[in-house]
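First comes the structure, then the notes that go with it.
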Amino acid sequence: MNLRIVEIQKDSRIMEEVPEPYCEIFGEEPWNEELEPKEVIETMREQLERPGAIALAALKDKKVVGFIWMYEIFKNDLREGTRYSPKLRFLFENQKRVFYLQEIGVIKEMRQQGIGERLTRELLRREKENGADVVVLSTNGKAGSMILLISKIGFQNSGIVRPPEELGRTYWILELMD
Ligand SMILES: CC(C)(COP(=O)(O)OP(=O)(O)OC[C@H]1O[C@@H](n2cnc3c(N)ncnc32)[C@H](O)[C@@H]1OP(=O)(O)O)[C@@H](O)C(=O)NCCC(=O)NCCS
């Protein structure tokens, strides 16, 4: 398969192309998000400004068929009413550097061909080089493929519920080993 994994530079052509697959992917069950491409690009810009942010795209014949990004979080990001629950405080013990895997998606037609796994492993490798010790993400128990993918990679379900509770999301955690 002619597939390339590339870094998404801020405000590049590739970044401008992410909202289309993003809206398609997160419009599906269990997410059912109704997003406008403009909102997606704005949120992406904000998130890619954060310390340690790296975003990758999977390109097939120059078309974006998958994406992933993460960034570092800090103890003072942990606040009620945000996606970073104060219950995650224990992750920072022993001066650990904690990164948040914010988004991952692969378009429907290209799933189950190893693209999500390639994107994840490549990003974990790069962020480990950046000093990441622990990676955390939140996902919905109904996102079956995501659960299978992150379990294969070694993430563990912490059982800690991400507020608001009715969305059924828990945090999954991966310690990056040497
Ligand atoms: C989660 C997602 C990114 C996975 O991408 P993908 O490219 O299809 O995943 P891969 O082909 O790399 O799968 C890697 C491993 O995950 C597991 N897996 C993923 N999807 C699976 C499925 N539908 N059935 C069985 N196993 C699956 C398998 O263990 C697979 O490894 P294997 O092929 O050696 O068995 C994709 O399903 C997706 O975009 N889903 C919608 C968006 C989403 O839910 N994002 C997460 C938000 S928190």
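Side notes on the structure shown:
- Subset tally (residues that are touching a helix residue (DSSP H, G or I) at 6+ places or on another chain (Cβ under 9 Å), outside any loop (DSSP other than H, G, I, E, B) and not hydroxyl-bearing (S, T, Y)) for segment 109-155: 14
- Residue list for segment 51-95, filter: small (G, A, S) and touching a strand residue (DSSP E or B) at 6+ places or on another chain (Cβ under 9 Å): G52, A53, A55, A57, A58, G66, S85
- Test result for E103, under 21 Å from E29 (Cβ atoms), of a type in the set (D, E) and buried (at least 18 other Cβ atoms within 10 Å of the Cβ): yes
- Segment 43-57: number of residues that are more than 20 Å from G116 (Cα to Cα) and either more than 14 Å from the chain's Cα centre (by Cα) or assigned to a strand (DSSP E or B) (or both): 4
A quick yes/no check of all residues on (1) in contact with a Phe, Trp or Tyr (Cβ under 8 Å, 6 or more places away or on another chain); (2) at pLDDT 95 or above; (3) farther than 21 Å from P164 by Cα:
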| residue | (1), (2), (3) |
| --- | --- |
| P51 | yes, yes, yes |
| I54 | yes, yes, yes |
| L59 | no, yes, yes |
| Y71 | yes, yes, yes |
| D77 | yes, yes, no |
| R97 | no, yes, yes |
| Q112 | no, yes, yes |
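Quick grid of which residues meet (1) among the aromatic types (F, W, Y); (2) over 18 Å from V135 (Cβ atoms); (3) surrounded by fewer than 17 Cβ atoms within 10 Å (Cβ to Cβ):
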{"position": "E20", "(1), (2), (3)": "no, yes, yes"}
{"position": "E72", "(1), (2), (3)": "no, no, no"}
{"position": "P86", "(1), (2), (3)": "no, yes, yes"}
{"position": "K96", "(1), (2), (3)": "no, no, yes"}
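- Taken together, the residues in segment 137-169 that are within 21 Å of V106 (Cβ to Cβ), more than 8 Å from the ligand (Cβ to nearest atom) and touching a residue at least 60 places away in the same chain (Cβ under 8 Å) amount to 1.
The values are calculated or read from the model by the stated rules, or taken from the named source; none is laboratory data. Computed from a predicted structure; not experimentally measured. For neighbour counting, all protein chains shown are included, and Cβ atoms are generated from backbone atoms with ideal geometry for every residue, glycine included.
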